[in-house]
Amino acid sequence: MNYETGSIAQERLPGVEAPPSRRKFLIAAIVVAVLAVIGWAMFGRGGSDDAPKASGEQLAAISVMVPGRTVVARDVTTTGSLAARRDMPVGIAGEGGLVTRVLVEPGQWVAAGQVLATVDRSVQTQTAASLAAQVSVARADADLAQAELDRAAQLVDRGFISKADLQRRAATRDAASARVKVAQASLGEARARNGRLDIRAPTAGLILTRQVEPGQIVSSGSGALFRMAQNGQLEMRAQMSEGDLQGLRVGSRATVTPVGSAQSFPGEVWQVAPVIDPSTRQGIARIAVKYDPALRPGGFASATVTAGTASEPLLPESAVLSDATGNFVYVVGKDDKVERRSVKTGEGADNGIPITQGLNGTERVVISAGAFLNPGQKIKPVLQARKG
């Protein structure tokens, strides 16, 4: 009775302390509540506010540019053979004979009409001498006929000679004069034939080949004994595709480099093929170059020809990447994500690489760190001003 009365009295009395077990439960509940509030503050509200900041800090700042379009020279690289611009074969013009002397060597410059080789003319010389003697005889006959005509003219007035005799003497004089002209013509022909025994250069130029030696018997059927380049003019016969020939014009500048040489020579297109080879779909552009000992006809060379101009995007070298599939660039698309774009490039220049296919010039193109990007990756593009 006393214990129950005391317990009831303690519950009703406000100033009486709670038992120890109940205090421990209250303290634990308060600690859990405080930890819950702290956890919500740190990982609930605080975490949601800081998440975008952490995501933003992970985006890489990449330089990009909008290239636009620039007028650039369209250069075409091609190959071909070197040759004389006017390759002139030189052969025997006369009846031929035994070659006595050859006066020039390949690589030697000659003047127009210069003797290249001589042919024995001993027989022809005697023939010419005989014809010269015939001219002298004909002239003597003509002189005698003229003297007889003059005497007859003096006697006809005295009646010693009839006019018919005078006319016959005039006819004899005329015939003798005609025989003089025939003899002179024959002598001139013989001398001309003798002159053609010498093999002469038809024009000034450079001797390329020599196919004759002293002691050789030559005739009009012997073919070319020498080959020469007229005025020493050379050219490169460049093989070009049908598409490259379309934009090529006479007067286009070119640079010719012989195989095995580091030296290049300026040239100019002087003729563009009017036809295309149907089997190879190629034509020939003839590039004139000035003579130089390093340019040997028959040799092989490469050339870079300026085939007009074009308006194309121009990118720095760092923007153009390549792999086994070809050249490509990264462009920044929707939501600042990079996309791979295959491109075709022209000949590089000091101010950049022209893009002939794949870009229209309005795209945002990655110009640095492209090798470290992957398609679909989101970046923070930093726009750079276009140079020029």
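Per-structure values
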{"item": "Bins of 10 Å, starting at 0 and running to the largest distance - Cα pair percent for the stretch 107-207", "result": "15, 25, 20, 16, 12, 8, 4, 1"}
{"item": "FRET efficiency estimate (nearest 0.05) - Cβ-Cβ, Ala171 to Ala192, R0 35 angstrom", "result": "0.65"}
{"item": "Additional length obtainable on full extension of the chain from Glu213 to Ala147, 0.36 nm per residue less Cα span", "result": "18.2 nm"}
{"item": "Highest to lowest packing among 143-149, 328-334, scored as the average C-beta count within 10 Å", "result": "328-334, 143-149"}
{"item": "Mean Cβ neighbour count within 10 Å, used as a protection proxy, ranking 232-242, 91-101, 182-192 highest first", "result": "232-242, 91-101, 182-192"}
{"item": "Efficiency of FRET between Trp109 and Ala224 - r from beta-carbon atoms, R0 25 angstrom, step 0.05", "result": "0.85"}
{"item": "Extended-chain gain in nm, criterion 0.36 nm per residue less alpha-carbon gap, Phe372 and Ala385", "result": "2.4 nm"}
{"item": "Dipole of the stretch 267-388 [Lys/Arg +1, Asp/Glu -1 at C-beta], most positive-end residue of Gly299, Thr309, Gly283", "result": "Thr309"}
{"item": "Long-range Cα-Cα pairs in the stretch 179-278 (distance over 24 Å), rounded percent", "result": "56 percent"}
{"item": "Mean separation of Cα contacts under 8 Å, 6 or more apart, over the residue count of the stretch 74-124: relative contact order %", "result": "35 percent"}
{"item": "Kirkwood-type radius of the stretch 334-388, with distances r between different C-alpha atoms, in Å", "result": "12.9 Å"}
{"item": "For Gly232, residues with placed amide H under 5 Å, excluding near neighbours", "result": "Leu206"}
{"item": "Karplus-derived HN-Hα couplings along the stretch 365-370 (A = 6.51, B = -1.76, C = 1.60, θ = phi - 60°), whole Hz, x at Gly and Pro", "result": "9, 5, 10, 8, 6, x"}
{"item": "Spatially proximal aspartates and glutamates relative to Lys378 (Cα-Cα < 19 Å; intrachain offsets below 8 disregarded)", "result": "Glu57, Asp335, Asp336, Glu339, Glu363"}
{"item": "By average C-beta atoms within 10 angstrom, highest first, the peptides 291-299, 266-274", "result": "266-274, 291-299"}
{"item": "Dipole magnitude of the stretch 105-229, debye to nearest 20 (Cβ charges: Lys/Arg +1, Asp/Glu -1, about Cα centre)", "result": "220 debye"}
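Bear in mind that the values in this text are calculations on the coordinates, not laboratory data. None of the values given here were measured: they were computed from a predicted structure. A quick note on method: Cβ atoms are made from the backbone with ideal geometry, for glycine too, and the neighbour counts reach across all protein chains shown.
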